[in-house]
Structure formats: structure tokens, C-alpha cells
2 protein chains.
Amino acid sequence: MRTINIGLVGLGTVGGGVARLIMNHHDDYVKNYGIDLHLKKCCSLYQSDADRLGLSADQFTTDWHDVVSDPDIDIVIELIGGTHPAMDIFEESFKSGKHVVSANKALLGRNTEHLARLAAENGVSFRCEAAAAGGIPVVHALEHELNGNEILTIAGIMNGTTNYILSRMKHEGSDFAEVLADAQALGYAEADPSADVDGFDAASKIAILGSMGFRTRITTDDVYMQGIRDISAADIEVAEELGCTIKLLAIARKTDTGVDVRVHPTMIPNGHPLASVDGAMNAVYVVGDAVGETMFYGAGAGSFPTASAVVGDVFALAEPISQGQKPLPEAEPFSVNRPIRTIDNLHTRYYIRLTVEDQLGTLAASTRILTDNNISISNIRQLEGTGDGTCTLVFVTHSALEADLKKAVEALAADDSIREVASVIRVEDIDKWTEGVFAN
Amino acid sequence: MRTINIGLVGLGTVGGGVARLIMNHHDDYVKNYGIDLHLKKCCSLYQSDADRLGLSADQFTTDWHDVVSDPDIDIVIELIGGTHPAMDIFEESFKSGKHVVSANKALLGRNTEHLARLAAENGVSFRCEAAAAGGIPVVHALEHELNGNEILTIAGIMNGTTNYILSRMKHEGSDFAEVLADAQALGYAEADPSADVDGFDAASKIAILGSMGFRTRITTDDVYMQGIRDISAADIEVAEELGCTIKLLAIARKTDTGVDVRVHPTMIPNGHPLASVDGAMNAVYVVGDAVGETMFYGAGAGSFPTASAVVGDVFALAEPISQGQKPLPEAEPFSVNRPIRTIDNLHTRYYIRLTVEDQLGTLAASTRILTDNNISISNIRQLEGTGDGTCTLVFVTHSALEADLKKAVEALAADDSIREVASVIRVEDIDKWTEGVFAN
């Protein structure tokens, strides 16, 4: 049995989990799969990481060059995140004939094309199961097991922090700021929560999964992005009355005129499998024309769940290497060139909550504004006035064009009888998600 | 690009779907993945199948020997089901150096060991993603992506017919016989429903998934099996009051003294992701020590969903063949030898519904019988009497030994104050499912 030498760069939460997993299960891997994984060299800026993990002096370095230049190393695992020096670690590893496994969504969300080309030029592979939806093995499924399908829709809860916040807002009836503060105190949200709550993290992930699913180039910058800061307890309450749950979804969908790629709060019916994904858990719903609806559920973050995905990728490379074969190159990543549609071209349904003067004619005025902008109304609710001379009007529209909706919202905001457009939330037209599935 | 020649045996629901999928998407597979799949020879007993699919005379035969003896064929897809001649098709294919893809749960639930050995002897591979949970790519995940983990629990809704029946019973408050008759009329259940409703189908699938997850030999005959015929509308109603849903689960779980493998109706809390899997859909919940809880959801049957899994397996073989490599042999399937525990050794919680004489002392009598048999009670409900001199008592126990429970039920049945032990349903102790998951 050939030993597979691993170079591990980054010994933080995920890197430490990977090191511990490989050390804990070393003998099982040998016995069950004939795979002998050896942590040849691990890199961190902190000697304390090496001490905590019980790494020998030989196994540890503070300079990543020692890892990528070690001729015995087969696979480099990059777990430092960010762009620099992660990009250099990838490039140097490829040039010295090493395969790379990474969880770096920031890097891969923008640079998959460059990295795939460089890997192919050097006859090596890279894998990134852990970069999207942590431990959930959806990347491999999109790259391989579902290849018989044309993928139609990918829609996921890909950020645990925002799902945790929205779940608590729903269960407790609390407002965003309150739950965020508590989530920060409990360590579920960062001190600077922007990457999570404003949608950046989910945008990187849907760029990666969308590129794979639709085999077209999607980068993080292509993704329309709106976070959850404006979701209020009132919206969640009305959603509940409408039989819906509000989730921060990352969605990529193929249409006849291009791919929609977007991250935003979304109302989905309670009966949809994504609606019951609670707390910090992640789930990725994938529709293929043959398989129909599928969903992959699990932890999207955390030391060991992410390590599970990293080690799964290591296995995918180590299995052929152990048998004296080269890992197969991945299929050309961007074999199809699909345009990315802007959000203005989206057709979906909308929830609009207005605070209006509690007087005759207001309902007629707002209805007319919507109609004048080609927005057809599916559902109207007028909530009890609050005694300050205003009341709340809620509209749910039929499917409408986002560009029209924007104009309507501007006109509503400008109308004298309307105090405030309190919120606008997209109501996902889930029937569209399965359009194109073959009839059995 | 090397053409991959496919031999397809069986052109029924699944075989027809596979043929249509490969023909529909042929050009996409070439363009996206560089995989050129050619249906070289298809076999069915009926010429009408060939006509319906538009197969040429050259492409069609009624004799499977023509497929396995064709020297140009790389991969044989066996989709006729049953043991004979499926076993011969596997054996002849292996001996003539062909890889095999199959959805045959009946065959693989009992003969994986023999077939794996024969494939290895002949240097070929076989794959069976479609044999368990149809289109859901959980087999590959258990064989590869989750290899970094020690698998702790596999629990799934693996039979669409019974899930459809239980879902309708729940939503409509109807009894089993009534919903079954309607499901048969609608084509959701077979005229002879036994394979589904008595648990045989799910037993084959958990034997296959359990073998893979625990890397030990489990055959269909090792699986304890109890179907859903005895579930009544009353049980479903009481379950709902207890915050639970009744599902037919197929469960394999590692314990310190062996593996539990069982199929039976199970009460699970409504908050568990399996509880909201509705209608004919399937889902497989897998716990690994690193990844924690995961769930794979999708269609468990149907022409195209199953074809998606079959074609995914074809890709797994065609990718290396296209690049001039031999598909990697699978890891030794039964590298661990774990004993299978009998159901008598199960520790779980139980729901017991009794019809008792509506008189003083009955509650005390039944409580004493339980206590005398080491069954400790967690919850007691007495339902309103029905006017015929009886009333209903419901007990939910703490975790107890199945052998003790059986004795208690015998004693209850023999007691004069108890008219009937109306039902006994296992209440799954879901905390046990995640015992052994690493703390992050």
C-alpha cells in the first residue's frame, strides 16, 4: 500500500478538524479502504496549533513554502481562506505537480476558471467539496452522480448564521437586531456579521454550485445579493399567515434567456422541504430534468463537518493514487456559455407591505399604482389600524417582472396616502423550479 | 474520444427511461463531459419496447446472451430485476470483462458478497446507486464522499408506496385499508402490495446501504421486518397529539455489541427532518461521526429518477474508460465483521395502546405489569370512554429492552381487565442516532 503524503496549510477551526480526523481514523482508513494517509507537513503561524494537535517538530512549519516544495507530498490541503497567499499556494502546488483540496469559497467563487486551467496544464486536480455547504456532499453530486441530468434549479440555504437568525425570529417573534445581538453573544454570528447577514458568503457558494450545475462561468460578482437586515418580525408573522416561511435562499436557475443567480430573502410555502430546514443547518435543493426534486441536508460549517468534506475530497484523489493511477482530470468546467440575467429580468411573485393613511381611497390608490405598472395582484390583506392614523396593507402579486416591480415601488413610495413601503420580499414561484422535469 | 458501448438488458419502466435519457442527452454528454455513450444492444422480450423507443433492428435483441457476448460492449446495464436470469447476466458479464450497472435490490440485497468477489476476480466493477432510494445519490456518498467518517446511523424512508399511504392516512384521518384500496386504484400501490406494505422492499435497501455504511455483511434475511398493515387512524391521531409522525423507517445503527438492522413503523418527533418527508418521496438520513447529521431527499422510484441514478453509475465507469483508464475497483466491501443483533436486543421507547375495561384498578393493573417487566413509563394518557364499557389507555415508555417489552405485552394481553393490546409501535430514541458524533 502506497502512503499518501498530505501537506496541510492552515490549522484553525477546519484545519485542526482535518488533522484530528485523519489522525483519529488513520487505522480505519487503512483497514476499510486501503488508504494510508500521512500528515507529512502542516503549516500554521502558531506553534500552539502544533502543540495542541500533538504534531512533531518534523511535521510542523510556519512557512507554507515548506509544504508546497516538499517533493514527497501528493496532496496539499489549503485551509487558510482569503485570496492571498491562498492563490499562491494553489499555483505553486499545481506547478510542482501536487493536487489541491480546499474549502476556500472566497477564492473559488471568483477564480475557478483560472485555477482549473492551471491545474489542467500541470496535469493535476483540485477539489472543493467543503467550499459550498460544508459537510454536505452536493458538489460531488453536481459534478458526477447527477451528470445524467440537465440541471434546472439549485436553491439552497447555504449560510447557517442567517438561517439560525431567521429561525429564531420565527420561533420567538423577535426582531432582527435583537436576535443578531444574542447570536453574536453566543458565538453563532461574528462581531462583524456582514459576510453572513448581507449575503456575501452565500453568494460565493451559489457561484461555485451554479458554475458546476450549469457548466457555465458564474463568479461571485455575477450574483445579485440582498441580505436579511430588513426582515422584521411583522414580515415573518404575515408570512406565517400566508402559509410561508422566510429563508435567505441562494438560487441559480436556468431560463430560456440565461441563468438567474441571486441571494435574497425569499418566502416559500411551508410544505416545501427547504421551509423546514431549521437553525444553523444548511440544505441544497437541486432539480434535474431526470431525477426531479432532490435535497441535500446537513451542517454547512463547523470543524468536523467541514473536515468530513475535505477528507472526502482527499479520498477522491488518494483512491487512484493508491492504485498507481493518476486522478482523473475533471471535465472542462465551463463547456457551456450561458448569459447571466440581471435581477431586472427576474419574473417572480412579490410580497409588499405598506404603512398607509387609514382613510378612504388608499387601497384604491395603491391598487391602481400596481396595476398601472403591470403588477397583477393575487392576495390583499388589510391589517388592523394601530391607532396612529395608519394601517398596514399587504399585497401578494402574481408573477411580475422585477423591473416593473421596482417602478411600482417607487410610485408607491411617492404617493401621499402611503407613509412607507415597509418591505418588499420576493415570493418564490416554486412551480417554476421544476419546469422542464421529464414526465415519467 | 472513445465511444462507450452500452448493453441494456430490460426495457421496462426503468430500462425505457435509461434508453430515453441516454438518447435525449447524448450530445450534451459529449459536449459537457466528453463522454460518448452508445446503446449498442438492448434486450427485451417484447419487440414493442424497441418500436416505442425507436431502436434499430441492429440495436435490439430478445436474447440477453447477445448482449453479454458482444465483445464491443463495455458496460452492461441489468434492469430486469429478480434473481434469475439476472444473476447469470452479472456472472456472464463479469467473465467476459464487462462492468455492470444494476438497480436490482432483490439480487444485491442477498448476493453482494458473491458478486463483489466475482467482479474482483475478473478485474471489473459493478455499481448499484439505483438499487436503494432510486434517484437519490446516497450510495455513492456512503461509498466515497463520507469515507472520512465512521458511519453511526442510517435511517430512511425508502419505500414510496408506504410513505404515500401513511401521509394520506395522516392528512385525511383515514384507515389503512381504505387508503391502500385508493392507492391501488390510482396506481401508487401494486395489486399485491405485500413487497411494499410488509417491508420487504425497504429491507433489501437497508441491507445494501447498511452493508456499505458499516462495511459489514448484511443481507436482506438479516433485517427485522414489520409492515404498516396494523397502523390505524387512531394511532396516527395519538401520535400527532404526542408531537410525532409515524413513518415506515429502515434503520441500521452501530452499537457496541453489533449492528441493529430493522424495518418497522416508527414514531419520530415532528421536528426531525424525516418527519416532513411527505407523499411518495424518499429520504435517507445518515449520521457520521465527523459530518454529524445529513439527509438525502428525492424520488425513490419512477422511470426517469431511477434512470438518473443508473446513468450516474454509467458515468462513474465511463469517465475512466474514456480516458483510457480502468475503473478503480471498489474497496473490499466487508472489511469489518460486525455481528447483527436480533430485535430482542433492541433498546428503544414504545407506544402501547390498550383497550381496557372502564373500571377502577385497570390503570394500576397495567402499570404494574409494565413495571414488573422492567418497563419504565414516560407518559400515560387515558382517552374518553366510548360508551361500550371500555376506554383507551396509551403508554409511552422510557427506553426498554425489546425482549422485556414482549413479555410485558404478553402479560397485558392475558390480563382480565384488558380487552385488547390494540397496538405497539416503537418510538425512536433519536438522541441515540447521533451518539458518537464528535463535538466541534
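Observations on the structure shown:
- Residue B:359 within 14 Å of chain A (Cβ to nearest Cβ) and polar (S, T, N, Q): no
- Subset of region A:309-335 that is at the interface with chain B (Cβ under 7 Å from one of its Cβ atoms) and touching a Ser or Thr at 6+ places or on another chain (Cβ under 9 Å) - its residue that is surrounded by the most Cβ atoms within 10 Å (Cβ to Cβ): A:316
- In region B:341-358, the qualifying residues are those that are touching a residue at least 40 places away in the same chain (Cβ under 8 Å) and part of a loop (DSSP other than H, G, I, E, B), and the one that is surrounded by the most Cβ atoms within 10 Å (Cβ to Cβ) is B:346.
- One residue stands out in region A:30-55 among those that are in contact (Cβ under 8 Å) with a residue 12 or more places away in the chain and assigned to a helix (DSSP H, G or I): the one that is nearest to the other protein chains (Cβ to nearest Cβ), namely A:33.
- From the options B:160, B:187, residue that is out of contact with any Cys (no Cβ under 9 Å at 6 or more places or on another chain), within 14 Å of chain A (Cβ to nearest Cβ) and at pLDDT below 95: B:187
- Taken over region A:67-85, residues that are at pLDDT below 95 and crowded, with 24+ Cβ neighbours inside 10 Å amount to 0.
- Considering B:252, B:233, B:275, the condition of being at pLDDT 95 or above and crowded, with 24+ Cβ neighbours inside 10 Å is satisfied by B:252 alone.
- Where residue A:240 falls short, out of the listed (1) at pLDDT 95 or above; (2) crowded, with 21+ Cβ neighbours inside 10 Å: (2)
Conditions (1) over 28 Å from residue A:422 (Cβ atoms); (2) touching a Phe, Trp or Tyr at 6+ places or on another chain (Cβ under 8 Å), marked per residue:
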residue: A:202; (1), (2): no, no
residue: A:232; (1), (2): no, yes
residue: A:252; (1), (2): yes, yes
residue: A:262; (1), (2): no, yes
residue: A:266; (1), (2): no, no
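- Residue count for region B:354-368, restricted to those that are more than 21 Å from residue B:403 (Cβ to Cβ) and either touching a helix residue (DSSP H, G or I) at 6+ places or on another chain (Cβ under 7 Å) or of a type in the set (Phe, Trp, Tyr) (or both): 1.
- Annotation note: of B:136, B:165, the sole residue that is outside any loop (DSSP other than H, G, I, E, B) and buried (at least 24 other Cβ atoms within 10 Å of the Cβ) is B:165.
- Hits in region A:398-440 (condition: away from chain B (no Cβ under 14 Å) and touching a helix residue (DSSP H, G or I) at 6+ places or on another chain (Cβ under 7 Å)): A:402, A:403, A:408, A:411, A:412, A:415, A:417, A:418, A:421, A:423, A:424, A:425
- Region B:1-14 - residue that is farther than 12 Å from residue B:311 by Cβ and out of contact with any Lys or Arg (no Cβ under 6 Å at 6 or more places or on another chain) and, of those, nearest to the other protein chains (Cβ to nearest Cβ): B:13
- Scanning region B:430-440 for residues that are modelled with pLDDT of 95 or more, part of a loop (DSSP other than H, G, I, E, B) and of a type outside the set (Ser, Thr, Tyr) returns B:435, B:436, B:437, B:438.
- Selected residue (criterion: farthest from residue A:241 (Cα to Cα)) from residues of region A:372-419 that are part of a strand (DSSP E or B) and of a type in the set (Val, Ile, Thr): A:418
- Hey, residue B:427 modelled with pLDDT of 95 or more, among the hydrophobic types (A, V, I, L, M, F, W, C) and over 30 Å from residue B:256 (Cα atoms) or not: no
- The lone criterion from (1) within 14 Å of chain A (Cβ to nearest Cβ); (2) over 23 Å from residue B:84 (Cβ atoms) left unmet by residue B:58 is number (1).
- Residue identified as outside any strand (DSSP E or B), touching an Asp or Glu at 6+ places or on another chain (Cβ under 7 Å) and surrounded by fewer than 22 Cβ atoms within 10 Å (Cβ to Cβ) among B:185, B:120, B:189: B:189
- Residue that is nearest to the other protein chains (Cβ to nearest Cβ), among those in region B:139-151 that are outside any helix (DSSP H, G or I) and either under 15 Å from the mean Cα position of the chain (by Cα) or surrounded by 24 or more Cβ atoms within 10 Å (Cβ to Cβ) (or both): B:148
- For region A:104-130, a tally of residues being within 14 Å of chain B (Cβ to nearest Cβ) and touching a Leu at 6+ places or on another chain (Cβ under 9 Å) returns 4.
- Summed over region B:250-274, the residues that are within 28 Å of residue B:382 (Cα to Cα) and under 16 Å from the mean Cα position of the chain (by Cα) give a count of 3.
- Among all residues of region B:359-371, there is none that is outside any loop (DSSP other than H, G, I, E, B), within 20 Å of residue B:230 (Cα to Cα) and either more than 30 Å from the chain's Cα centre (by Cα) or free of Cβ contacts under 8 Å to residues at least 40 places away in the same chain (or both).
- Selection of strands (runs of 3 or more DSSP E) fully inside region A:195-306 by the criterion of at least 3 residues being in contact with a helix residue (DSSP H, G or I) (Cβ under 9 Å, 6 or more places away or on another chain) and within 11 Å of another protein chain (Cβ to nearest Cβ) returns A:281-288, A:292-299.
The values are calculated or read from the model by the stated rules, or taken from the named source; none is laboratory data. Every value quoted in this text rests on a predicted model; they were computed, and no experiment measured them. Cβ coordinates were reconstructed from backbone atoms using ideal geometry, including for glycine residues, and neighbour counts include every protein chain displayed.
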